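> Got a structure for you, questions after.
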Amino acid sequence: MQSNTASKKTAIKSRALGSKPRLTEEKILRMGEMDYMNDAQLAFFKSRLQEIESTLVQNANETTAHLQENDIIADPFDRATIEEEHALELRARDRENKLLRKVRAALVRIEEGDYGWCEDSGEPIGIERLLARPTATLSLEAQQRHEQRQKLFGH
């Protein structure tokens, strides 16, 4: 099975991502195993990831602009509230920045033909999992093993 998966990955790497009609989640879910990570599916996930990337970059720009506003607040309680809001906003942007790195890495995997394939086993990650988490790099089983190892060994 591993060599069959490897040959399919090689075939996918050799295909160029053309402009195909945009799929919906429902259409992708109805596709068969042989269609896994075909050009249309890759284009769908590339578009979804690019939308996420755009939103994250826009949020970061808005936060930067917001934090650069120099409102002078005389009341110490109001100032403390604003500083706490800024701290919360920065924590949210930090989480989004980590997600942005994962999104960009997923876009690179699409270009390299590795998107949708488990980095541990080489098996398909699965459409349902990718729809739920487009940045996934592990199949559900591999993710569970990884989390179990973390729980047991603390890494």
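> For ALA105 and ARG133 in the same chain, what is the full-extension length gain: residue separation times 0.36 nm, less their Cα-Cα distance, in nm?
8.7 nm
> While we're here: Here are several values of volume of the Cα convex hull per residue in Å³: [x] 139; [y] 152; [z] 183. Which one was derived from the coordinates shown?
Comparing each candidate, only [y] matches the computed number.
> Let me ask something else about it. Could you give the length gained by full extension between SER54 and ASP120, i.e. 0.36 nm per residue of separation minus their alpha carbon distance, to one decimal place?
Residue separation times 0.36 nm, minus the Cα-Cα distance, leaves 20.9 nm.
> Next question, about the same structure. Determine the sum of side-chain charges near LYS98: Lys and Arg each +1, Asp and Glu each -1, restricted to other residues whose C-beta is under 14 angstrom from that of LYS98.
+4
> Still on this structure: Based on the Cβ-Cβ distance of THR24 and HIS146, what FRET efficiency does E = 1/(1 + (r/R0)^6) give at R0 = 25 Å, to the nearest 0.05?
Computed FRET efficiency for THR24 and HIS146: 0.20.
No value in this document is a laboratory result; all are computed from the given coordinates. These figures come from a predicted structure and were not determined experimentally. Cβ: placed from backbone, ideal geometry, glycine included. Neighbour counts: every protein chain shown.
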